[in-house]
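The values are calculated or read from the model by the stated rules, or taken from the named source; none is laboratory data. This structure is a prediction, so every number in the text was calculated from the model and none was measured. No Cβ is skipped: glycine too gets one built from the backbone with ideal geometry, and neighbour counts run over all protein chains shown.
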Number of protein chains: 2
Amino acid sequence: MKLNDVIEARKKSIEYLHNANIVLTEKEKDNLEIADFGLNDLDTMGLQLLVYENNDRYCAKELILFPRQTCPEHRHPPVNGRDGKQETFRCRWGEVYLYVEGEPTQRPQAKIPQKYEPYLTVWNEQVLRPGEQYTIPPNTLHWFQAGDQGAIVSEFSSTSTDEHDIFTDPHIKRIPEIEE
Amino acid sequence: MKLNDVIEARKKSIEYLHNANIVLTEKEKDNLEIADFGLNDLDTMGLQLLVYENNDRYCAKELILFPRQTCPEHRHPPVNGRDGKQETFRCRWGEVYLYVEGEPTQRPQAKIPQKYEPYLTVWNEQVLRPGEQYTIPPNTLHWFQAGDQGAIVSEFSSTSTDEHDIFTDPHIKRIPEIEE
């Protein structure tokens, strides 16, 4: 990912948060995390994150998604003898289509470019609108896409250890390098 | 506390959340927790809570405070061999004066009726405005008061077990009965 793309995505995320009345400090604005998972296709497969707190007991973030942007399929395995990360997604703004293990939904609302289809294997759809939430058990495959407007989702969870996440797409690097 | 006072406080809390663009489901509106700590003096010593999620690993809530309303001093002791609750307060709206153990602040901003003074023993002041947050370690005395406008504070924490909280004021019952 190019540094300019990171700066652009940060700027757009800050606008989304501002429109949803979510206030950030200046330091938080400068540190907003832009994740393209090493795919170099941020607007399609990517995610913006504002980490409020991540300690050895709990974690809280806002996830910002641009229109139809998708967070690729992954799971949170056990780490250091503790259960994998458990997380609760609460939609704050926009609409999000969350896919988890279980009975595949007949006409899912996500729109996926063909080349990514092989790496999206769970299709039980949970639609989240503002005020609605869903808790994903540890070590369970999931992925999600924002609707046509984009979305803001609060994530409440146990400790976050992104470097241990297991993605279905073997091309993914969770923590890629940024080119200056 | 009278049932009518509970209904009134719920209505007012829902207005606060609405004004801050925080969306609730109808079920959440009906279940908003009104805590007067058995003191029967809600507007002075009390707190309104919206619990999003509380499981055996993490907890997330919104705390709604009316103007100058105070959550009385307490700490979260170890429970069942686990460290006491650790919590991160993030101010969303209004202003909150948080008091924790440490060097007493010379001219604290909280205004306290004389009869409650004996039960407020820690005076290290942390002022939180929207976007600002503070993490309170386990088993540490703390209390907080909203400014003149009231406040909304997000609480991210380890598991919440309110029934184990230890209050400085011996008159307090954390989970009192409601009179119909």
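Filter the stretch B:85-121 down to the residues that are in a loop (DSSP other than H, G, I, E, B), within 11 Å of chain A (Cβ to nearest Cβ) and not polar (S, T, N, Q) and list them by number.
If the condition is that a residue be in a loop (DSSP other than H, G, I, E, B), within 11 Å of chain A (Cβ to nearest Cβ) and not polar (S, T, N, Q), then B:85 is the only one that fits.
Considering only residues that are at pLDDT 95 or above and surrounded by fewer than 15 Cβ atoms within 10 Å (Cβ to Cβ), which ones fall in the stretch A:140-169?
Passing the criteria: A:148, A:149, A:166.
Look at residue A:146 and say whether it is within 14 Å of chain B (Cβ to nearest Cβ) and not in a loop (DSSP other than H, G, I, E, B).
So residue A:146 fails the test.
With respect to residue A:28, is the statement that it is acidic (Asp, Glu), surrounded by 15 or more Cβ atoms within 10 Å (Cβ to Cβ) and in a strand (DSSP E or B) true?
no
Can you tell me how many residues in the stretch A:92-131 are touching a Phe, Trp or Tyr at 6+ places or on another chain (Cβ under 9 Å) and among the charged types (D, E, K, R)?
Residues flagged as touching a Phe, Trp or Tyr at 6+ places or on another chain (Cβ under 9 Å) and among the charged types (D, E, K, R) within the stretch A:92-131 amount to 2.
Which one of these is over 13 Å from the mean Cα position of the chain (by Cα), surrounded by fewer than 19 Cβ atoms within 10 Å (Cβ to Cβ), away from chain A (no Cβ under 14 Å) and polar (S, T, N, Q): B:40, B:19? Talk me through it step by step, then tell me what you get.
Values: B:19 fails: away from chain A (no Cβ under 14 Å).
Checking each option against the conditions leaves just B:40.
Would you confirm whether any residue within the stretch A:155-167 is more than 22 Å from residue B:58 (Cβ to Cβ) and within 12 Å of another protein chain (Cβ to nearest Cβ)?
Scanning the stretch A:155-167, I find no residue that is more than 22 Å from residue B:58 (Cβ to Cβ) and within 12 Å of another protein chain (Cβ to nearest Cβ), so the answer is no.
When residues of the stretch A:134-154 are filtered for being more than 15 Å from residue A:85 (Cα to Cα) and touching a Pro at 6+ places or on another chain (Cβ under 8 Å), how many remain?
5
Residue under question is residue A:125, and the condition is that it be farther than 30 Å from residue A:2 by Cβ, more than 12 Å from the chain's Cα centre (by Cα), among the acidic types (Asp, Glu) and surrounded by fewer than 16 Cβ atoms within 10 Å (Cβ to Cβ); does it hold?
no
Could you say which residue among B:101, B:180, B:95 is at pLDDT 95 or above and surrounded by fewer than 17 Cβ atoms within 10 Å (Cβ to Cβ)?
Selected residue: B:101, the only one of B:101, B:180, B:95 that is at pLDDT 95 or above and surrounded by fewer than 17 Cβ atoms within 10 Å (Cβ to Cβ).
Between a first residue in the stretch A:43-69 that is in contact (Cβ under 8 Å) with a residue 60 or more places away in the chain and a second residue that is in a loop (DSSP other than H, G, I, E, B) and basic (Lys, Arg), which pairs have beta carbons less than 7 Å apart while being 6 or more apart in sequence or on different chains?
A:68/A:111
Run down B:5, B:41, B:30, B:36 and say which single residue is among the charged types (D, E, K, R) and touching a Gly at 6+ places or on another chain (Cβ under 6 Å).
B:36
For the stretch A:45-72, enumerate the residues that are away from every other protein chain (no Cβ under 11 Å) and among the small types (Gly, Ala, Ser).
A:46
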